[in-house]
1. Is any residue of the stretch B:21-40 close enough, with backbone N under 19 Å, to a label point placed 7 angstrom from the Cα of B:T118 along the Cα-Cβ axis, and if so, which?
2. Taking Rh as the Kirkwood radius, which is the inverse of the mean 1/r over Cα pairs, what is the Rg/Rh value for the stretch A:180-301?
3. Alpha carbon centre of the stretch B:278-330 versus the stretch A:330-366: separation in Å?
4. Looking at this model, which pairs from A:K199/A:K257; A:K72/B:K296; A:K19/A:K66; A:K72/A:K193; B:K154/B:K281 are more than 27 angstrom apart at the alpha-carbon?
5. Suppose R0 equals 35 Å. What FRET efficiency, 1/(1 + (r/R0)^6) with r the Cβ-Cβ distance, do B:K56 and A:R263 give to the nearest 0.05?
6. Could you compute the FRET efficiency for B:H188 and B:K154, with r as their C-beta to C-beta distance and R0 at 41 Å, rounded to 0.05?
7. How long is the gain from A:D335 to A:E165 if the chain were fully straight, where each residue apart is worth 0.36 nm and the alpha carbon distance is subtracted?
8. If you take the alpha carbon radius of gyration of chain A and divide it by 2.2 N^0.38 Å, what ratio comes out, to two decimals?
2 protein chains.
Amino acid sequence: MKLQFQKDAIVNGINIVMKAVPSKTTMSILECILIDASSNEIRLTGNDMELGIETKVEGQILEHGKIALDAKLFSEITRRVSSQNSTVTIESDEKLNTTIRCENSVFNIQGRDGEEFTYIPYIERDKYITLSQFTLKEVIQQTIFSISPNDSNKMMGGELFEVNENQLKVVSLDGHRISIRNVTLKDHYESTKVIVPGKTLSEISKILGGDNEKEVRIFFSSNHILFEFDNTIVVSRLIEGEYFRINQMLSSDYETKLSVNRREFLDCIERATILIRENDKKPLILQVSDNTMELKLNSSFGSMNADLMIHKTGKDIMIGFNPKFLIDALRVIEDEEINIYMMNPKSPCFIKDEEENYIYLILPVNFNAASV
Amino acid sequence: MKLQFQKDAIVNGINIVMKAVPSKTTMSILECILIDASSNEIRLTGNDMELGIETKVEGQILEHGKIALDAKLFSEITRRVSSQNSTVTIESDEKLNTTIRCENSVFNIQGRDGEEFTYIPYIERDKYITLSQFTLKEVIQQTIFSISPNDSNKMMGGELFEVNENQLKVVSLDGHRISIRNVTLKDHYESTKVIVPGKTLSEISKILGGDNEKEVRIFFSSNHILFEFDNTIVVSRLIEGEYFRINQMLSSDYETKLSVNRREFLDCIERATILIRENDKKPLILQVSDNTMELKLNSSFGSMNADLMIHKTGKDIMIGFNPKFLIDALRVIEDEEINIYMMNPKSPCFIKDEEENYIYLILPVNFNAASV
């Protein structure tokens, strides 16, 4: 095999497939990237058996063939080439000795037989949806923080993707909160409901360019999901089982509704957390009255009080939250002004917009009202 | 005590004195910053008993007094104030309860008695030199990497500062290399010779603005060194003892002299180190002939070969180095073209300029010539 690339093209391709190369594994072949130039295209593949990524790279095939190269070495050698326009030449002999030439340096490393490498599984492409790269990236970033990957309940480590006609609903939850994004698609599609592993989604959001003009096609099969965009396909196993019934946890009743400037509210809470060290479960108390909300936090380091201007309808309320959960939701919302709906100090609060494009349910925490 | 600051002024002051606040200590008062507004100036002080930093901060004194505040909390609270122009108010009562007000938030933390805090020692100011902040910062950065702070020989953890008339010589060394910078001062000064702890120098180089127009004054006493610049003084203990006699290790004899493009040489060596993991002592072999230098490195991961154009006078030579030592020196030299002087594969090589503004001595390593 003998191939020639522009530095930028090969480095970019490696960066994409590296997302599926496990950092630790007992199967050393998985630490490799497969370079397949046996046909008239050059394809790189990384595959950790749960998640597989394949991407097409621009380059010249001087001699057909395929080889698996240690991903880390291959990536570092090509990245270190100083100039973007330098040519990188990769050549392997029958003994799989591989030479990587770039600028004035020649590297010799031992490759492995491409046949040892496990290809990405074949997926039927009938059920699918299409959305923009921008939207998919955004939807993932706005929900991924509330998965719970280490929970004994596997489904908490994934996100629900539910399609109904022209609606895509994405849901993640841990024991304390639920994050929901509703997206209107351009077309109507066949209904479907799958649970996608959080790791897959977080790697995809890193690869996606975030371009609003470019599209992603998502294909669903019974055990797998396939994302296709640009020159890349990402295939992941699904999490088996039926997802939590979240509809019964959602409610549109409320006793108190308030609107507040998101940035100011977020800044205040972040400032309050200075007084908390990790694993230190101090609640942030919100005292909501007519035009102001008072924030209070007490810890062994000291106390903080802050006042925020709000618009309120309904009853006054005093309620406590884990400040981290509020911060996570407030950081990903883009609205300048947000609405918060509360029932009582024991019931979940909802941060959501009028159209319910986003819904963040957060459970309050108990606090000792006497000590506030 | 009641003081008022612009956010920027107080944050900047805290950042400076924080460099002398130890991250771990058994004396909890050392984890504090002293705010002293008992006179007509506001001074912040951090002091870990080896290194003390005091800086003057612009602000309004509404009520005189002094207090010691937990450095980490104090720093985080002021840094979190969103706007640069916000006013920060600090107020302490007789019980040392301290209130920090900024924007819409009020923090209450417990302060400590300023009298518990250890002031920076008083230093006689007769022996001194003056140089630009830029030069001092540069000189430290160009030598600090070859100290050996964990060596049983304490002097290896410091740097020699030697003044002779209008010459300042700064030297650092570990068991494998020596770094020397010679600086010509504007005036003639009294001769002196002290060993300054590496930690002091590295903290100072972080605080120094690097302005060529601004000066630093360095005062020498028998046990201390004092740096004075802008509104700040830094006082450090010296390392006791007599520094290594390095003159007998320096030699101007050579059998081979070569000049090479610094950037290209550095890039090549850095690329070669891809094949080395930490603690993996593989030498980089240089094979110097008339117009080219070949670089070779072999490891369990593979091999690299590279060719560089050079100018050479004298004998051909094959010599091995720890690539890290070459990288450290090449990174801090600013010349585009550098000169390297070698005697034989067992004797130190010297990288230096004609005027000997910088001299980097590096010991070669043994290698098995048969395996190259």
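Where a number appears in this text, it was derived from the coordinates with a stated rule and is not lab data. The shown structure was predicted, so the numbers you read here are calculated from the model rather than taken from an experiment. Here the Cβ positions follow ideal geometry from the backbone for every residue, glycine too, while neighbour counts run over all protein chains shown.
1. Only B:21-36 fall inside the zone, counting backbone N under 19 Å.
2. Here the Rg-to-Rh quotient is 1.08.
3. The stretch B:278-330 and the stretch A:330-366 have Cα centres spaced 62 Å from each other.
4. Correct reply: A:K199/A:K257; A:K72/A:K193.
5. Given R0 = 35 Å and the Cβ-Cβ separation, E is 0.55.
6. 0.85
7. Fully extending the segment from A:D335 to A:E165 adds 58.5 nm.
8. 1.20
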